[in-house]
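The values are calculated or read from the model by the stated rules, or taken from the named source; none is laboratory data. Quick caveat, the model's predicted, so the values are computed rather than measured. In this analysis, Cβ positions are derived from the backbone assuming ideal geometry, glycine residues included, and neighbour counts consider all displayed protein chains.
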Amino acid sequence: MKTQRIRHLLPLFCFFSALTVNVQANPYETTLKNGLRVIVKEDRRAPTAVQMVWYRIGSMDEVDGQSGVAHVLEHMMFKGTPSVGPGEFNKRVAAAGGRDNAFTSRDYTAYFQQVPKEKLPEMMALEADRMRHLNVDAREFAQEIKVVMEERRMRTDDNPQAKLFEQMNAAAFQAHPYRRPIIGWMNDLENMSAADAKAWYETWYMPNNAYVVITGDVDHQAVFALAEQHYGVLESRPLPPRRPQSEPAQEGIRRISVKAPAELPALIMGWKAPVLRDIERDRDPYALDMLTAVLDGHDAARFNKKLVREDKVALSVDIGYDGSARGPGMLYITGTPSEGRSIADLEAAIRAEIARIQQDGVSPAELKRARAQLLAQQIYKKDSMFGQAMEIGQTEAANLPWQGIDKMLEKLQQVSAEDIQAAARKYFTDDTLTVGVLDPQPLAQAPRRPAQAGSRD
Amino acid sequence: MKRLLTVVFAFFTLLAGQPAVAGVAIEHWQTAGGTRVYFVASRALPMLDVQVDFAAGSMFDPPGKSGLAALTRGTLDLGAGDLDETAIAEQLADLGAQLGGGADTDRASVSLRTLTAADKLAPALAILGRVLASPRFADEIFAREQTRTVSALKEAQTRPDSIAGKAFWEALYPKHPYGRQASPESVAGLSRADARAFHAQYYVAANATITLVGDLDRASAERIAGELAAALPTGSAAVLPAPPVAVKGSQKNIAHPASQAHVQIGLPAIERGHPDFFPLVVGNYTLGGGGFVSRLMKEVRDKRGYAYSVYSYFAPLKQPGPFQIGLQTKRSQARDAIKLARGILDDFVKNGPSAEELAAAKANLTGSFPLRLDSNRKLLDNAAVIGFYGLPLDYLDTYQARVAAVTVDDVKKAFSRHIRGDYLTTVTVAGE
């Protein structure tokens, strides 16, 4: 099933680096006087480098009426400073033979460049410049907000599965800001101003709310010196307090449905789930991660084997669990029923598989298999410089120290069959479940109005 | 183990258009059965990537049997020799090995990523060998995958991007296999015997290239490639159809309820290895290949806010593949956006890039060269393309020099030769 959501991120726990050779030192970290942390992972396989600047600010920090502003500001970050004109940032990266981009999540906003290693100092100068000196020009904003609305149309409005996912989260979370889509509601985008983006930038973009991750063929001491030179001069400022906005306990199943032009129906089931807060003491997130591997870790894992191949009740079934996040966790199962089978058939079949784990647990062979895959991933992930930087950055974004990455892997390897069964019993409960259904509509209708009520289109 | 919810990118990442290239020692030899082998030693990590490519993509679908190449490839690893589909998946997972690949217009690929520890490498390679040489195509499994494919194709027929893509290729290649697309009906008509016959004809040693990248010495690479190839019947190399003939451009508008129009503009252009490749690719960087700094991006996205994603690329294939401009925009402004894009293209064909733009294009294409080679995965992709398409072995070594040699005049001449206005086809889905 094609999806517009970007799934380039490897599974959380397949991401963590195994520093089997040089555990002692690499990566290296320093903190500048202004509070900016710099983490360097030396990898000398090829003469290239990756710089990523991570801001601890994402869509979860937005307020009602301004959904999407974190992502809009990300776009505006390419629109210039007093010393680097609009569009000039991309131009300079391109001239350096580099590639750059940025991404916004619920929890963070991150910017990156991949360059030949000798161009790293210039990239650091560029990122440092826009950390505190961005122009948020009203004319540039007026154009860019249109681009973001086109992005929303492409990613969500015309993508039935994405729309289902958006609506499902809006139902699953009521108090916590995870209920809002990262890209923002269309009406909020239509009413956003350059001043909103500027205020966002002035409030959150500062060295004490950021960290820099650099991987590649670099010397960490040299990188630290460059960081001091470029970032060290930036002033820090106190951050506003952030309110927890904790989601109250869900006390009963929630069901929603979404109509959209499509051929196939789709089902999404989401259970509230824990996230990792304490690497040493937490147990359940590790157990749930291994549970997802047993259910969906390879082509003959339980879901695909039973539901797609044997019973043919589903065309596809997937499970998603991200155990590291600033906010509350969810475990998602998505699927599409086969022709002639209903959404209800599929939901019942998924529930039967869950019940099987709850009653009978998992086999030693299944657990061993999941562990073997995990170990192999630790080697494979080192093939990507970018992936290694992502791993450090995402771990830190969830307020977990990168130094705990190896420990997390160890903890995963220690998960027992009993842990998995206990986690399945504890978390797969209807009281915390939200179910979303895509109700496919024929195409041959009058064109949909481009947006919801209140739209100015 | 997957993240369903991840992130929203600021920019659309270009997926196509850049050639495979590198400055890397690729060793090449041929097995007794005529399989061409390409090998890059990369000793830093204890892992190996192997890719076996066959000229067995959708261009070789027999008439009336569109979708056969894809379904053959899709069912290849669902039971082979004495292993059923479950045994294959479980044994690979036990080894921490990953089997991948797929079929495009030209190639059917099977790739294996494995650890090189002795207790992992040999069993993983043994599974790969069996999948290549002895797929079962069991009745029940073939029927199941056929049904799933039909459903997926029906779903695709409701998506504006899929509809646009299908119509675009059909319009560009009315009499060539590149224009024939799998449909629910064509796939429903396929049989297990078709897959067997297709496999027997195309998954053969003389029609294969093998690419290896990883922690091996030459002798081991020779042995591994030799064993994989020896398990295949010798057979013969696939015979290409007559190349596509140029057809006059057309306009196609397809109604759809989406909020955005999907637009594709283009024509058949060049095959892999064409002498105009470098002027076209260097020129296209300025036009619409250079991401955020291209003219299309600046005019369509930055200045007017018409689109999130706008790009152009050349996709050279075994036979002339398309040049394409693509964008999505609010349905009410489709006409304006098309007019704008066409104007940018026409101006570029007529006048080419400025000297400054050409210099910027060269700086990026030569400067970014190391980024194309900084992982085993990228080395594999590059070497496999060079091998499959028979590009010269020094392609990597000479790439930067050939980019640097391109002049404004070269770009103008090459674009004038290949982008003729009256041959351009425009497909719009959901435009007003």
query: Restricting attention to the range A:83-91, does a residue exist that is under 30 Å from A:GLN221 (Cα atoms), in contact with a strand residue (DSSP E or B) (Cβ under 9 Å, 6 or more places away or on another chain), among the polar types (S, T, N, Q) and part of a helix (DSSP H, G or I)?
result: yes
- prompt: What's the number of the condition B:ARG107 fails, among (1) within 11 Å of another protein chain (Cβ to nearest Cβ); (2) among the basic types (Lys, Arg); (3) touching a strand residue (DSSP E or B) at 6+ places or on another chain (Cβ under 9 Å)?
  reply: (1)
message: Looking at the structure I just gave you, is A:GLY270 buried (at least 19 other Cβ atoms within 10 Å of the Cβ) and at pLDDT below 95?
response: no
- prompt: If you take the residues in the range B:383-415 that are of a type in the set (S, T, N, Q) and away from chain A (no Cβ under 13 Å), which one is farthest from B:PHE323 (Cα to Cα)?
  reply: B:THR398
field: Residue match in the range A:277-291 (condition: over 17 Å from the mean Cα position of the chain (by Cα), among the hydroxyl-bearing types (Ser, Thr, Tyr) and more than 30 Å from B:ALA138 (Cα to Cα))
entry: yes
query: Quick one: would you say A:THR48 is in contact (Cβ under 8 Å) with a residue 60 or more places away in the chain, among the hydroxyl-bearing types (Ser, Thr, Tyr) and under 29 Å from B:THR366 (Cα atoms)?
result: yes
query: touching a residue at least 24 places away in the same chain (Cβ under 8 Å), of a type in the set (A, V, I, L, M) and more than 14 Å from chain A (Cβ to nearest Cβ): does that describe B:LEU317?
result: yes
- line: Taking the range B:387-412 and keeping only residues that are assigned to a helix (DSSP H, G or I), within 17 Å of B:PHE369 (Cβ to Cβ) and of a type outside the set (Phe, Trp, Tyr), one is left with B:LEU396, B:ASP397, B:THR398, B:GLN400, B:ALA401, B:ARG402, B:VAL403, B:ALA404
query: Going by the structure shown, is B:ALA430 touching a residue at least 12 places away in the same chain (Cβ under 8 Å), closer than 30 Å to A:ALA444 by Cα and crowded, with 21+ Cβ neighbours inside 10 Å?
result: yes
- line: Residues of the range A:285-303 being in contact with a strand residue (DSSP E or B) (Cβ under 7 Å, 6 or more places away or on another chain) and not aromatic (Phe, Trp, Tyr), in sequence order, are A:LEU288, A:ASP289, A:THR292, A:LEU295, A:ASP296
- prompt: Mind checking which residues of the range A:171-196 are more than 13 Å from chain B (Cβ to nearest Cβ) and part of a helix (DSSP H, G or I)?
  reply: A:ALA171, A:PRO177, A:ASN187, A:ASP188, A:ALA194, A:ALA195, A:ASP196
- line: Restricted to the range B:355-380 and to residues being more than 10 Å from every other protein chain (Cβ to nearest Cβ) and free of Cβ contacts under 8 Å to residues at least 60 places away in the same chain, the residue farthest from A:VAL50 (Cα to Cα) is B:ALA355
- prompt: Exactly one of (1) among the small types (Gly, Ala, Ser); (2) surrounded by fewer than 24 Cβ atoms within 10 Å (Cβ to Cβ); (3) within 7 Å of chain B (Cβ to nearest Cβ); (4) in contact (Cβ under 8 Å) with a residue 24 or more places away in the chain is unmet by A:GLY98. Its number?
  reply: (2)
message: Which count do you get for residues in the range B:112-130 that are in contact (Cβ under 8 Å) with a residue 40 or more places away in the chain and small (Gly, Ala, Ser)?
response: 2
task: Give the range A:43-95 a look and list any residue that's hydrophobic (A, V, I, L, M, F, W, C), under 19 Å from A:ILE145 (Cα atoms) and more than 12 Å from chain B (Cβ to nearest Cβ), or say none.
output: A:VAL63, A:VAL69
- prompt: Of all residues in the range B:135-147, which are without any contact (Cβ under 8 Å) to a residue 60 or more places away in the chain and either surrounded by fewer than 17 Cβ atoms within 10 Å (Cβ to Cβ) or assigned to a helix (DSSP H, G or I) (or both)?
  reply: B:ASP139, B:GLU140, B:ALA143, B:ARG144, B:THR147
- prompt: Would a scan of the range A:318-333 turn up a residue that is under 21 Å from B:THR149 (Cβ atoms) and touching a residue at least 24 places away in the same chain (Cβ under 8 Å)?
  reply: no
query: Residues of the range A:130-151 being in a helix (DSSP H, G or I), out of contact with any strand residue (DSSP E or B) (no Cβ under 7 Å at 6 or more places or on another chain) and without any contact (Cβ under 8 Å) to a residue 60 or more places away in the chain, which ones?
result: A:ARG130, A:ALA138, A:ARG139, A:ALA142, A:GLN143, A:LYS146, A:MET149, A:GLU151
field: Scan of the range A:157-170 for residues that are touching a strand residue (DSSP E or B) at 6+ places or on another chain (Cβ under 9 Å) and in a helix (DSSP H, G or I), ordered by number
entry: A:ASP157, A:PRO160, A:GLN161, A:LYS163, A:LEU164, A:PHE165, A:GLU166, A:GLN167, A:MET168, A:ASN169, A:ALA170
A:LYS163, sole failed condition from (1) at the interface with chain B (Cβ under 7 Å from one of its Cβ atoms); (2) closer than 16 Å to A:GLY68 by Cβ: (1)
- request: Quick one: which helices (runs of 4 or more DSSP H) lie wholly within the range B:40-133 and hold at least 3 residues that are within 24 Å of A:LEU367 (Cβ to Cβ) and not hydrophobic (A, V, I, L, M, F, W, C)?
  value: B:85-95, B:118-133
field: Residues located in the range B:320-339, provided they are away from chain A (no Cβ under 14 Å) and out of contact with any Ser or Thr (no Cβ under 9 Å at 6 or more places or on another chain)
entry: B:PRO320, B:PRO322, B:LYS339
task: Looking only at the range B:360-374, decide whether some residue is among the aliphatic types (A, V, I, L, M), touching a Ser or Thr at 6+ places or on another chain (Cβ under 8 Å) and under 30 Å from A:MET154 (Cα atoms).
output: yes
message: What's the number of the only condition in (1) in contact (Cβ under 8 Å) with a residue 60 or more places away in the chain; (2) not in a helix (DSSP H, G or I) that B:ALA307 fails to meet?
response: (1)
